[in-house]
Amino acid sequence: MERSILEEIHGIVQLLEQSVGKTMNPNKLFHNAASNIICQVLFARRFDYEDEFMKFFVGLFQETSKIINGRWGMIYDAVPIVRNLPLPFQKAFKMFKDAHQIRLKVLAENKKTRVPGKPRHFIDSYLDELDKV
């Protein structure tokens, strides 16, 4: 885990050095870095920050956090009658549904290449535990 974190920090430093004199969003940079560390644990794979998978999931977490933790989340909780109206929290539900489909696809790909009892990453370990049940 420490090695993964150090590698990601090295990548951040390189990007910061390349950005000298330019504008950038450090918030997005650190979201990408944290997400990449999680991906390394889950999938034993590091994604480029411009990878569609990475952009989708970082965007998902940013967008849904704003919706869920903002006024629309409070309205959803406080006024149940509005739950079926086409309000912004419906966008969060759609994004979660899309994310679920992507996770199912990743899980199916891992099932094809995994060797039971020899986990490569967290997902393989999870599948091994499911086999025990």
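Values in this text are rule-based calculations from the coordinates and carry no lab data. What you are looking at is a predicted structure, and each value in this text was computed from that prediction instead of being measured. Heads up, the Cβs are rebuilt from the backbone with ideal geometry, glycines too, and the neighbour counts pull from every protein chain shown.
List of remarks:
- Considering only Asp48, Asp98, Asp77, the Gaussian network model of the chain with Cα springs below 10 Å gives its largest mean-square fluctuation to Asp77.
- Legend: helices of the chain (whole DSSP H runs) are marked when their alpha-carbon atoms reach 18 angstrom or more along the helix axis and their mean Kyte-Doolittle hydropathy is at least -0.5; marked are 2-18, 26-43, 52-69.
- Projected label points at Arg45 and Lys132, each 7 Å from Cα along the beta carbon direction, are separated by 2.6 nanometres.
- Difference of contour (0.36 nm per residue) and Cα-Cα distance, Thr23 to Asn84: 17.9 nm
- Relative contact order (percent, whole number), the chain, Cα cutoff 8 Å, 6+ residue spacing: 20 percent
- Where Cα atoms sit under 15 Å apart: lysine pairs in the chain separated by 8 or more or lying on different chains: 6
- GNM flexibility winner over the chain from Val58, Val13, Val41 (Cα, springs under 10 Å): Val13
- Answer label, with Cα extents along the principal axes in Å calculated from the coordinates and candidates [x] 75, 30, 24; [y] 55, 50, 22; [z] 53, 38, 27: [y]
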